[in-house]
Amino acid sequence: MEAPQNISSGLVVRTAREDDLERLVTIHSDAFPDARGREARRRNFVDNPRGTLDDLFVAEADGALLGHAFLFSMASWMGGREVAMSGMASVAVAPEARGQGVATALVRRLVAETRHRGQVACLLYPFRHAFYRRLGWGLVSEVRRLRLAPSSFPAYPDDARPRAARPEDLAALRRCYQRVASRGNGLLARSDRLWRTFLGTEGRHLFVVGAHGHEVSGYVMIACTAPNGGPAELDVVELVADDDHARRTLYGFLRAQRDQIATVRYLVAARDPLLAVLDEPRTPQGETVRTLVAVAGEWGAAHMARVVDVGGAVSARGYAADGQITLRVTEPLVPQGRVAGTLLVRSGTGSFGPERGGPILACDIGTFTQIWSGYLKPTDAVHLGVAAVDAPRTAALADALFALPSPHTLDYF
Ligand SMILES: CC(C)(COP(=O)(O)OP(=O)(O)OC[C@H]1O[C@@H](n2cnc3c(N)ncnc32)[C@H](O)[C@@H]1OP(=O)(O)O)[C@@H](O)C(=O)NCCC(=O)NCCS
């Protein structure tokens, strides 16, 4: 990173060193008071599958460490392109330093660091939405956690079954993920190390679709529990299908667990079409809303994103349509307070240059991020009063230009 920088009132943000670790483990324990001991927390810092100590940043004032945050390097697929991003995690401030702007300063510094690394956006799972909204992030993904009886999953006549994975399937399984990721919006590129962690976690079982020695066309990772000795529950840790046959086979596999499993818990994208074909889209517990509407699980606001470089971001993603639009984006973190220019998309590739007139879309950076990601349609942003256009047809043009499926990731960090 660049030389440490004074932010305000003597606060310095720098990368962590070995001799910071004792104090950082204490800050981490106070911030995330769960069952993990000091050694597990130390390992989280020095042996993290997503990064190294060079990705851990600390906030320091008068020689005292006050907070820490990870900034991982990652890449997310968007419209057929791998886009370089950062992922922020483990933001924590010592109890005695809270409410004085330490986390705000740390996060601002990491936005600058993201840009410095040449990454165009920063992703995170927020502890509090409004905190990050104020700093330019916007919600970009929604999930549903389905809670269903296995028999709710659709049955398909060919009754194919996946088979238990063997070590020699893993390279093909990774290729399967890669093919699916490169077609979709939001899945993250995964390193060898991440795959090893994902596959090596105890208590999980992996099943694949595809004849032995051939390509894998889909897989499901599951974990089964019986809380308090009660009925067994099955968690779908990850389900990836590269074609229709694999998808149907994996749904059939979940359905086939109906004699042993009371409830399947499965986190899907909020608009996953699976919802349309469930036999019984309601929880086995029979909960209702206003007595008439059956509950099928929960809705969740998932990750937020913040574009840190408007020109870089619009040039990095892929597009399904060509066109031209002038963007005026309020961006408090640049000296002028806004970024303006014209996006030109030709043959699915975007380039950003000085304003050349034409239709205009204006919004704040958080809303822009939501539009850029494919999560929010410009038309809806205008209806909600968070974006403005020069003429009504500009909103429709922007809808077509920025259209992508809503982002969905399978990584939680
Ligand atoms: C969440 C956490 C990191 C926030 O750190 P913090 O340094 O207290 O955060 P800040 O001081 O920058 O901001 C907190 C609030 O105080 C306000 N604030 C900042 N400086 C202030 C000041 N001088 N006077 C009054 N209020 C101030 C901020 O505006 C913010 O409020 P808002 O979001 O409603 O606008 C900290 O409470 C923590 O470590 N919590 C436990 C761990 C956790 O949940 N981490 C996040 C999960 S990754």
Could you tell me how far the Cα centroid of the range 18-60 sits from the Cα centroid of the range 204-220, in Å?
36
In a GNM of the chain with a 10 Å cut-off on Cα contacts, which of Glu298, Glu39, Glu355 has the highest mean-square fluctuation?
Glu39
FRET E, pair Asp380, Ala320, Förster distance 22 Å, beta-carbon r, rounded to 0.05
0.75
Once fully extended, how much extra length lies between Arg290 and Phe127, figured as 0.36 nm per residue of separation less the alpha-carbon to alpha-carbon distance?
55.7 nm
In which sequence would Cys176, Cys122 go, from the one with the fewest C-beta neighbours within 10 Å to the one with the most?
Cys176, Cys122
Computed lengthening from Asp158 to Ala211, 0.36 nm per intervening residue step minus Cα-Cα distance:
17.5 nm
How big is the convex hull of the Cα atoms of the range 157-208, per residue, in Å³?
122
Residues of the range 347-374 with backbone nitrogen within less than 11 Å of a virtual label 7 Å along the Cα-to-Cβ line of Arg393, please, listed as ranges.
359
Per the Debye formula with a single identical scatterer at each Cα and no solvent contribution, what log10 I(q)/I(0) holds for the chain at q = 0.08 Å⁻¹?
-0.51
Arrange the following residues from fewest to most other Cβ atoms within 10 Å of their Cβ: Val13, Val83, Val295.
Val295, Val83, Val13
Output for the range 1-97 (equivalent-ellipsoid semi-axes, sqrt of 5λ from the C-alpha gyration tensor, Å, descending) is 24, 18, 12
If the convex hull is drawn through the Cα atoms of the range 278-413, its volume per residue in Å³
171
Net lengthening on full extension, Phe32/Ser406 (0.36 nm per residue, minus Cα-Cα):
131.6 nm
Each label sits 7 Å from Cα toward the beta-carbon; between Leu199 and Arg271 the label points are separated, in nm, by 3.4
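Each reported figure results from applying straightforward, stated rules to the coordinates on display, with no laboratory input. The structure presented is a predicted model; accordingly, all values stated were derived computationally and were not measured. Here Cβ is always computed from backbone atoms with ideal geometry, including for glycine, and neighbour counts include all displayed protein chains.
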